[in-house]
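Values quoted throughout were computed directly from the atomic coordinates according to the rules given, and no laboratory measurement underlies them. From a predicted model like this one, the values you see are computed outputs, not experimental measurements. Positions of Cβ are backbone-derived with ideal geometry, glycine not excepted, and every protein chain shown enters the neighbour counts.
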Amino acid sequence: MRRFITSISMIVLAIVFYQCSSKSGKVSVDTNQQDTLQSLNDNIINMERLKEMGIDKKNLTKHMKLQELAWYGGDFRDDQSKPRYEPTELDFLLTIPFVDYYLSSHGYKRPTEKLFQDRIKKVFGIGLKMHSSKSYEEIVGDGSFDFAHSYYSICDKNFITYNWMLRDMLSIEGDKIKLKSEVFQQILALNKFLIYDDPSAFKILELSKYEGDKNDLGDFYSGKMILDDLFSTYNYFGSSLLNQWYFNKQKDVPYGFVSRIFEQTSNKKLVVHPSLIETVERNSTGKNGTYFNNFGLYVYQVLQNEDGMNSNNYTLEEKARIFCHFANSEYKMRNKYAEYMDTGDWGRTSWTYIMMTNCKSIYEEAQAHKFFGISKPEMMEEMEQEGLELNPSNDNE
């Protein structure tokens with residue numbers, strides 16, 4: 001009898017558990033459906049909401065019409081009878097409320113004013129005028145409002161954006177505005193990456209495949225173009241993800257990456273980017289010293305004014321500083337991969353020693369300034385002694 005009662009109890013418990021599991025599964029499905037519907041609803045703006053955003057439908061329609069002959073890229077049309085439309089400030093101002101709305105409804109965490117200012121300073125090297133009379137500030141550019149020509153800070157909203165064609169951002173369908181997600185997703189990812197160094201946002205930009213409407217004029221400003229601009233146009237080297245991405249892109253160009261390690265500012269000051277040196281080091285191994293060898297050859301040619309490599313016309317002192325920065329890196333790498341020296345791309349004689357002997361005036365300048373505090377004298381002595389022992393007749397490789 002007890003066994004019978006126990007069996008009945010177990011069956012009842014099993015039924016209850018199954019019912020609860022079924023309900024739980026249904027709730028999960030319903031929740032997913034609600035999220036999808038919410039996402040779709042977030043991309044639809046009614047006329048009342050449009051007015052609240054400060055946008056007049058007639059003005060919006062007018063500029064969408066004007067932009068029918070507008071595009072990003074060169075003008076390669078056979079028929080030049082109709083001039084290309086050049087976007088104005090009004091075109092740009094129309095995009096801002098839509099970008100603001102999309103960011104707000106798609107999880108953008110607005111940074112504090114201080115964080116926003118700090119990140120703009122770090123990424124673009126400029127200080128923002130946060131309380132100016134304009135609602136935006138051009139970060140870098142010449143005042144043009146051409147598409148994707150420059151980035152803008154929206155000061156009172158703490159986000160970054162760029163001007164783009166309205167037809168790629170939205171469509172007018174009766175009494176509703178339907179947002180197209182591709183451009184907005186990129187602007188959202190751009191902000192998350194620059195403000196919070198968000199790796200998932202970087203991936204969105206890196207893996208973006210959308211290239212615009214095939215029948216449209218011009219090019220689409222893609223996520224990859226954004227990354228390329230951040231590195232090569234705005235010289236943002238503060239992200240290891242971005243540095244590695246650009247390094248991979250330039251792998252087949254011997255000096256494509258290393259030529260950015262040293263540069264001159266507009267007022268002729270030498271700037272060294274340690275994060276780029278670290279990227280070269282990180283991509284060099286005991287069995288593959290190609291990238292570091294390219295780095296050494298590039299520095300040598302800069303010091304010797306060979307093949308136009310010293311286009312910045314570095315002074316003797318600046319060359320000596322460049323030499324010290326390279327020597328530090330090579331010393332570290334040759335110690336790390338000591339067992340691989342004289343194999344593959346790692347030379348028997350260090351580039352540092354070759355520079356010491358073939359660029360004597362530069363080495364003497366560095367010695368006279370005690371290596372500017374960049375390198376330790378003991379390290380330099382060690383590398384010079386190693387070179388002498390490997391090349392007793394002073395025949396340098």
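Students often check this: by mean Cβ neighbours within 10 Å, which of 46-59, 374-387 ranks highest, and how do the rest follow?
The packing order, highest mean first, is 374-387, 46-59.
If I take R0 = 30 Å and measure r between the Cβ atoms of Arg110 and Gln244 in this structure, what FRET efficiency does the formula 1/(1 + (r/R0)^6) give, to the nearest 0.05?
Once rounded, the FRET efficiency stands at 0.55.
Between Ser132 and Ser266, what length comes free when the chain is fully extended (0.36 nm per residue of separation minus the Cα-Cα distance, one decimal in nm)?
Using 0.36 nm per residue and subtracting the Cα-Cα distance, I get 45.6 nm.
At 7 Å along the Cα-to-beta-carbon direction for both Asp345 and Thr88, put a label point, then send me their distance in nm to one decimal.
The answer from the label model is 5.4 nm.
Using 0.36 nm per residue of separation minus the Cα-Cα distance, give me the extension gain between Lys376 and Asn310 in nm, one decimal.
Taking 0.36 nm per residue and subtracting the Cα distance, the gain is 21.2 nm.
Based on the mean of other Cβ atoms within 10 Å per residue, sort peptides 264-274, 121-131 so the most packed one is first.
Answer by packing, highest mean first, reads 121-131, 264-274.
Using mean Cβ contacts within 10 Å as the protection proxy, how do 177-189, 159-171 order, highest first?
Averaged packing, sorted descending, gives the order 159-171, 177-189.
Tell me, Phe145, Phe116, Phe326 in order of fewest to most beta-carbon neighbours within 10 Å?
Starting with the residue having the fewest Cβ neighbours, the order is Phe145, Phe116, Phe326.
Name the residues whose placed amide hydrogens come within less than 5 Å of the amide hydrogen of Gly347, ignoring near sequence neighbours (fewer than 5 apart) on the same chain.
The answer is Asp342.
Using a simple spin-label model with points 7 Å from Cα along the Cα→Cβ vector, what separation in nm is obtained for Lys178 and Ala338?
Here the answer is 6.8 nm between the modelled labels.
By a straight-distance test (C-alpha under 30 Å), which lysines pair with Lys82 as possible cross-link partners, with residues fewer than eight away in the same chain excluded?
Partners found: Lys57, Lys58, Lys62, Lys65, Lys178, Lys180, Lys214.
Given labels modelled 7 Å from the Cα in the Cβ direction, how far is it in nm from Glu52 to Asp252?
5.3
Per 0.36 nm of contour for each residue apart, how much would the distance between Ser81 and Asp216 grow if the chain were fully extended, relative to their Cα-Cα spacing?
Working: separation 135, 0.36 × 135 = 48.60 nm, distance 1.84 nm.
Residue separation times 0.36 nm, minus the Cα-Cα distance, leaves 46.8 nm.
What are the ³J(HN,Hα) values, in whole Hz, obtained from phi via the Karplus relation 6.51 cos²θ - 1.76 cosθ + 1.60 with θ = phi - 60°, for each residue of segment 124-135 in sequence order, with x given for Gly and Pro?
Values per residue, Gly and Pro as x: 10, x, 10, x, 7, 9, 5, 10, 7, 6, 7, 7 Hz.
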